[in-house]
């Protein structure tokens, strides 16, 4: 089955700096790569996703890049703000055949210091 | 739309007891899943369903049963609770080519 590794497990940045979180996956059939943000005590919320036919996707201060050859994808947050502090999870799945079998990384605790 | 509704929010069980965690969605999503979240271990898939009448096992299915008799509901049954099942449980749903919407979670403690 799919295996997703996520690094780093903790990341501390100064407000205004950029943050990068990286994930690798094992199953070359995976074609859907979402990122979730989870604030303390809350549910995970989808912040951005990318499909395998796209190399990069941006949404305001958030961007995701995908390298299918190397089987890794990354989340980039620019101009970080204290409200970006949360746990971020990457995930991967083959949406065409495995349906809702989404495999998550172990999460990155991002702390943005004012 | 209420989205994904999970009940109860908190539950304490004694070892050996059984219970059902309820999950309902009103978005007509095909996919529904149950995940458990333990500290430092991310979200692990218990069971999932690609439509009414169809379920399959995820990464950690032992000790849990599911059924999907309708598109809206996807209950998770703990057959005989064990302390190792102490966790936060999330139900999630998604359309065919969309992202997951998670419920608010159930915090379960087994003593």
On the basis of being at pLDDT 95 or above, part of a loop (DSSP other than H, G, I, E, B) and within 11 Å of another protein chain (Cβ to nearest Cβ), does residue A:43 make the cut?
yes
Expected single match for more than 30 Å from residue B:9 (Cβ to Cβ), touching a strand residue (DSSP E or B) at 6+ places or on another chain (Cβ under 9 Å) and in a strand (DSSP E or B) among A:80, A:65 is A:65
For region B:86-111: of the residues being at pLDDT below 95 and surrounded by fewer than 20 Cβ atoms within 10 Å (Cβ to Cβ), which is farthest from the other protein chains (Cβ to nearest Cβ)?
B:95
Based on what the data block shows, is residue B:41 within 23 Å of residue A:106 (Cβ to Cβ) and more than 10 Å from the chain's Cα centre (by Cα)?
yes
Keeping to region A:26-40, report how many residues are within 16 Å of residue B:42 (Cα to Cα) and either facing chain B (nearest Cβ under 9 Å) or over 12 Å from the mean Cα position of the chain (by Cα) (or both).
5
Being touching a helix residue (DSSP H, G or I) at 6+ places or on another chain (Cβ under 9 Å), part of a loop (DSSP other than H, G, I, E, B), away from every other protein chain (no Cβ under 12 Å) and more than 27 Å from residue A:7 (Cα to Cα) narrows it down to one residue among B:70, B:15; which is it?
B:15
What pairs come out if I take residues in region B:4-33 that are at positive phi and pair them with residues that are modelled with pLDDT of 95 or more and assigned to a strand (DSSP E or B) whose C-beta lies under 7 Å away, six or more apart or interchain?
none
Scan region A:85-104 residue by residue and report those that are modelled with pLDDT under 95, touching a strand residue (DSSP E or B) at 6+ places or on another chain (Cβ under 7 Å) and in a loop (DSSP other than H, G, I, E, B).
A:95, A:99, A:100, A:101, A:102
In region A:9-29, is there at least one residue being in contact with a strand residue (DSSP E or B) (Cβ under 7 Å, 6 or more places away or on another chain), under 21 Å from residue B:102 (Cα atoms), touching a residue at least 24 places away in the same chain (Cβ under 8 Å) and part of a loop (DSSP other than H, G, I, E, B)?
no
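The values are calculated or read from the model by the stated rules, or taken from the named source; none is laboratory data. Given the structure is predicted, the values throughout are model-derived calculations rather than measurements. Counting neighbours? That spans all protein chains shown, and the Cβs are built from the backbone with ideal geometry, glycine included.
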